[in-house]
Amino acid sequence: MKKPGGQVYGKKIFYLRDVYFSLIEDAERPQYPLIREGKRGEGKWRKASWDEAFSYVAEKLKDITAQYGARSILWSDRGGPFADLNKAFVKALGTPNYCNHDATCARNVQHAALSLFGFGRKGVVYDFKNAKHVILQTRNIFEAINVSECVGLMDALEKGCKLTVIDVRATITAGKADNFFLIRPGTDYAFNLAVIHEILAKEYYDKKFVNKYFNGLQELRSFVEPYSPEWAEQETGISAQAIKEFVQELAAASPSVIWHPGWNNARYKDSFYVSRTIYIINALLGSIGAKGGLAWAMTPKDCGRKGLNSLAALFPKPEEKRADGVGWKYKHFDAGPGLLHLAFKAIEEEDPYPLKAYLCFRHDPLMAFPDPERLKQILDKLELIVSITFSWSETAWFADVVLPLSPYLERESILATKKGVKPHFIRRQRVVEPRYNTKAEWEIIAGLAKALGIEQLSFNSIEEIWNFQLEGTGVKIEDFNQNGMVMLTDKPLYIDRDNLTFKTPSGKIEIINPKWEEAGIPSLKPYESKPSPEEGWFRLTIGRSPVHTQGHTINNALLVEQMPENVVWINKEVADKMGIQDGDLIEVSGANGYKGKTRAFVTPFIHPEAIFMVHGFDSATPPETKARNRGVADHKLMTGGLDIWDPAGGAIALQEHFVQIKKL
Ligand SMILES: Nc1nc2c(c(=O)[nH]1)N[C@H]1C(S)=C(S)[C@@H](COP(=O)(O)OP(=O)(O)OC[C@H]3O[C@@H](n4cnc5c(=O)[nH]c(N)nc54)[C@H](O)[C@@H]3O)O[C@H]1N2
Ligand SMILES: Nc1nc2c(c(=O)[nH]1)N[C@H]1C(S)=C(S)[C@@H](COP(=O)(O)OP(=O)(O)OC[C@H]3O[C@@H](n4cnc5c(=O)[nH]c(N)nc54)[C@H](O)[C@@H]3O)O[C@H]1N2
Ligand SMILES: [Mo]
């Protein structure tokens, strides 16, 4: 198959040697701690020893805490399985302002799950291996990769599982689908409402499950009344007949159906409702808790085992209110990692209180949030910005202190738990010693903890941490030696679907959620039609490539050779009218001054209202010569985007932007 722009993924077999040279030996990554000497972003640095860098940060944090209180410290990271130590450190600092990247990723999905089930999106897992029909909507599973999801779905497809893909363009995943629906960008909520309408009208739902666990079926029924497949056809461009046939197929496969609720669903102002209706459809089909469906995420406790000891639990919860308003001003949102864009707003407005220090750990908000020029102005109000990172990034270049991390092969991490049908613990080990003067995450946190006098986190070896985590679990460090994992059960565990309890006030699935209603946000929101772009403009749609990881691998010699630029997908008929041919050089511009240059990928397989580009290009910092002048930066085209977010789901709406293109 021809890939966008004529690139062929995987044209070469890689050896560990190649990875070694492109990642470990790469001299264009930060090699030692750096302290800023010139203006922010000017690139004048002083080389520092680790001791010097740790005490510099510690002294600044102490001064800021003395003057403004510990609450004036903000932290953001990448979340994920290894975040426990970070959370512990932030609690030890005494600030409530722990954030992660999720406001531009899966927050809408998380809140959709919470609003229905009372538990978050990770309360269920996708049991792909046993599924009979998998539906991917805004989810490109074979290119935006999670390895175990990929493998699970491939196994299922081999066993005859059906695949339906709903996307604005034909992806590699769509190429493997039984049904592919090319949808008008941003109209997924309309599609889903029609599916619910049809399931209820034809009585296709799992009566036993729904009667037992739904609180609000009647409200749902009357709400979807007007949203027939015929109505949805006008909005989405997908024929009513096709929707009806598709729903029939779903009913036949239920309850072993997985309609994936989305991963990066930080796209539209109604994306929360897209994920919410997806969960409702899964529940109507009885797939919640089912084998081959959205199986219950079992924990070590369900295996009769003790879980890992939590580092974060060593410290009390800070009493202050969060600066982003989550938990008090916005009571319906999950306080855990908060909403970082609202913390940025708090920096800007010094409301509810001033924020003065920002520690960015494995996070590049100047690329991961829209409108970097505006965000720089906001961040420039801070007295301290620290970036903990293994590669250069826009944020690191703008920081006051860069604490360089060792790439994954050169470091070990804290132990983590994987919940699921087979819960297990995992361990990441160091393969080679650091090539440059960089450190592992735990070493950086322990170093800062020592400089700040936080004894509980002043670890001297990773074994000390691992032993603390494992105490009382019956598992020893050596047990990981064979394959890096310790399984806590031999057989897959499924919940008894006759005795489910949801963590909601009613113990049932809340179609109408009181928390959202009290916040003045409807649980079931009437559909609002999405405007089509004006003549000559396109909706900017974005996503991943299987080659790169976000934007931080563009300077990797191996990967940039595989995919040197992000071509812009454009519909063939539209391109013909504009005189643009496949491979032509084009300019992409937004509502501000930024203009990006790249080549067109002309294809009939994208909706004419959209253009699509892979995220992460045209953002090289001065040291990164291999990534220089490559492609277009989607985030720089998102003018005003820091203020465009979904009040129901909390996430930034990355795809509420329009752009123009011009042949060069
Ligand atoms: N190789 C690789 N894998 C990754 C990552 C990576 O950087 N590289 N990143 C990881 C991360 S952080 C995440 S969040 C996930 C993201 O995983 P996904 O969310 O699955 O990936 P994306 O490519 O962002 O988007 C999925 C699809 O949504 C489509 N789309 C855009 N607009 C619309 C719309 O309006 N309606 C519909 N139905 N579809 C639309 C896009 O065309 C795209 O094919 O991937 C993870 N896996
Ligand atoms: N315009 C636009 N914005 C987006 C997206 C988009 O598609 N378009 N996608 C959104 C999504 S889904 C996500 S998840 C975010 C991703 O946004 P980020 O989480 O910021 O992206 P990353 O590139 O994974 O990580 C940021 C930095 O962390 C460093 N890093 C990587 N791994 C490690 C590590 O293990 N430890 C440490 N300490 N540092 C590490 C990298 O070198 C990089 O500089 O962006 C979001 N924002
Ligand atoms: Mo993400």
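Bear in mind that the values in this text are calculations on the coordinates, not laboratory data. All figures in this text were calculated on a predicted structure; none of them were measured in a lab. Heads up, the Cβs are rebuilt from the backbone with ideal geometry, glycines too, and the neighbour counts pull from every protein chain shown.
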Checklist line | Cα pair count fraction exceeding 27 Å, expressed as % - region 263-397 | finding: 44
Check: Can you give the percent of C-alpha pairs in region 128-292 whose distance is more than 25 Å?
Finding: 25
Notebook entry, point to check: Which order do peptides 455-467, 162-174, 346-358 fall in by mean Cβ count within 10 Å, highest first?
Noted result: 162-174, 346-358, 455-467
Checklist line | FRET efficiency for Phe605 and Gln581, using Cβ-Cβ distance with R0 set to 22 Å, rounded to 0.05 | finding: 0.85
Notebook entry, point to check: Once phi is turned into ³J(HN,Hα) by the Karplus curve 6.51 cos²θ - 1.76 cosθ + 1.60 with θ = phi - 60°, what whole-Hz value does each residue of region 317-326 show in order, with x for glycine and proline?
Noted result: 6, x, 7, 4, 6, 6, 5, 7, x, 6
Next item on the list: Could you work out how far the C-alpha centroid of region 175-196 sits from that of region 71-135, in angstrom?
Entry: 26
Check: Using alpha-carbon pairs under 8 Å, 6+ residues apart, how would you state the relative contact order of region 537-663 in percent?
Finding: 35
Next item on the list: Sum up the charges of everything whose Cβ sits under 14 Å from the Cβ of Gly118, counting Lys and Arg as +1 and Asp and Glu as -1, but leave Gly118 out.
Entry: +4
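How high is the relative contact order of the chain, in percent, with contacts defined as C-alpha pairs under 8 Å that are six or more residues apart?
For the chain, the relative contact order is 20 percent.
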Margin query: Taking a ≥ b ≥ c as the square roots of the Cα gyration tensor eigenvalues, with a/c under 1.5 meaning rounded and otherwise prolate when a/b beats b/c, else oblate, which class fits region 537-663?
Written below: oblate
Note to self: Once you place label points 7 Å from the Cα toward the Cβ at Asn460 and Leu664, how far apart are they in nm?
What the structure shows: 5.8
Item checked: Alpha-carbon Debye profile of region 375-445, log10 I(q)/I(0) at 0.15, 0.22, 0.23, 0.24 Å⁻¹ -> -0.65, -0.92, -0.96, -1.00
Check: So what are the three principal axis dimensions of the chain from its Cα atoms, in whole Å, longest to shortest?
Finding: 69, 64, 52
Next item on the list: Set the Förster radius R0 to 51 Å, insert the Cβ-Cβ distance between Ser529 and Glu478 as r into 1/(1 + (r/R0)^6), and round the FRET efficiency to 0.05.
Entry: 0.25
Check: Nearest 20 debye, what's the magnitude of the dipole of the chain about its Cα centre given +1 on Lys and Arg Cβ and -1 on Asp and Glu Cβ?
Finding: 840
Note to self: Across region 607-664, what fraction of all alpha-carbon pairs, as a whole percent, falls in each successive 5 Å bin from zero upward?
What the structure shows: 4, 15, 20, 21, 17, 14, 7, 3, 0
Item checked: 3J(HN,Hα) from dihedral phi, region 134-146, Karplus parametrisation 6.51/-1.76/1.60, rounded to Hz, x for glycine, proline -> 10, 10, 10, 10, 6, 8, 9, 5, 8, 10, 9, 9, 10
Check: Size of region 503-547 along its principal axes in angstrom, Cα-based, largest extent first?
Finding: 49, 33, 15
Item checked: Alpha-carbon centroid distance for the pair region 563-606 / region 336-350, whole angstrom -> 35
